[in-house]
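For reference, the structure discussed in these notes is given below.
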Amino acid sequence: MDGTWNSDADWVTAAISIKPASAANSAPTVASVSDTPDPTNPNRSVTFATDWNDGDSGETAKVKICKSNSLTNQVCDGGSWASSTAFTTNDPEYLVYDVAGGDAGQTRDYWAFVCDDEAACSAGTAGSFSVNAVSSVPNVRFR
Ligand SMILES: [Ca+2]
Ligand SMILES: [Ca+2]
Ligand SMILES: [Ca+2]
């Protein structure tokens with residue numbers, strides 16, 4: 001700061017830095033993760049719903065839908081299908097992956113991780129989603 005104390009930004013920065021360094025932090029956990037629709041279609045998307053929990057009140061977190069069961073420094077080692085762009089209190093957190101052409105006819109595995117705003121992360125929770133080889137449009141029946 002330059003001596004003035006009149007901006008909201010100063011207050012926000014001060015409030016964040018007051019958190020005691022000695023406060024114990026519990027790692028978040030993934031309660032459940034689901035994907036819909038399953039199967040999905042080429043040129044469609046799949047939405048992951050991750051129910052996460054954290055024992056610390058007011059905690060925010062990021063959810064990562066990784067392509068492998070491996071996370072280092074909050075980054076999916078094998079890349080990700082989707083991940084939160086910002087820390088959130090959304091619970092469940094919904095993330096969307098737009099199906100790519102190469103996914104057609106494949107079953108894709110994923111592992112959901114959640115990391116809190118103090119860099120503590122959960123273990124991975126596995127799931128998978130399938131993509132139809134060709135887009136199947138629901139049959140509409142006319143009477
Ligand atoms: Ca926590
Ligand atoms: Ca929850
Ligand atoms: Ca699934």
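The values are calculated or read from the model by the stated rules, or taken from the named source; none is laboratory data. Every value quoted in this text rests on a predicted model; they were computed, and no experiment measured them. Cβ: placed from backbone, ideal geometry, glycine included. Neighbour counts: every protein chain shown.
Checked against the criteria, S68 does not count as under 16 Å from P28 (Cα atoms), in contact with a strand residue (DSSP E or B) (Cβ under 7 Å, 6 or more places away or on another chain) and surrounded by fewer than 21 Cβ atoms within 10 Å (Cβ to Cβ).
Answer with yes or no whether T60 is in contact with a Ser or Thr (Cβ under 8 Å, 6 or more places away or on another chain), closer than 23 Å to F129 by Cα, modelled with pLDDT of 95 or more and not aliphatic (A, V, I, L, M). No: the conditions fail for T60.
Just to verify a result, which residue in the range 84-105, among those that are within 16 Å of ligand 2 (Cβ to nearest atom) and over 18 Å from F129 (Cβ atoms), is surrounded by the most Cβ atoms within 10 Å (Cβ to Cβ)?
S84
Residues that are assigned to a loop (DSSP other than H, G, I, E, B) and free of Cβ contacts under 8 Å to residues at least 60 places away in the same chain were ranked within the range 102-123; the one that is farthest from ligand 1 (Cβ to nearest atom) is G105. Residues in the range 41-70 that are within 12 Å of C121 (Cβ to Cβ) and within 16 Å of ligand 1 (Cβ to nearest atom): W52, D54, A61, K62, V63, K64. Could you list, in sequence order, the residues of the range 106-120 that are loosely packed, with under 12 Cβ neighbours inside 10 Å and either within 17 Å of P39 (Cα to Cα) or among the hydroxyl-bearing types (S, T, Y) (or both)? Hit for the range 106-120 is T107, nothing else. Residues in the range 52-96 that are closer than 14 Å to A119 by Cβ and acidic (D, E) were compared, and the one that is nearest to ligand 3 (Cβ to nearest atom) is D54. Selection of strands (runs of 3 or more DSSP E) fully inside the range 18-101 by the criterion of at least 2 residues being of a type in the set (D, E, K, R) and under 12 Å from the mean Cα position of the chain (by Cα) returns 61-66.
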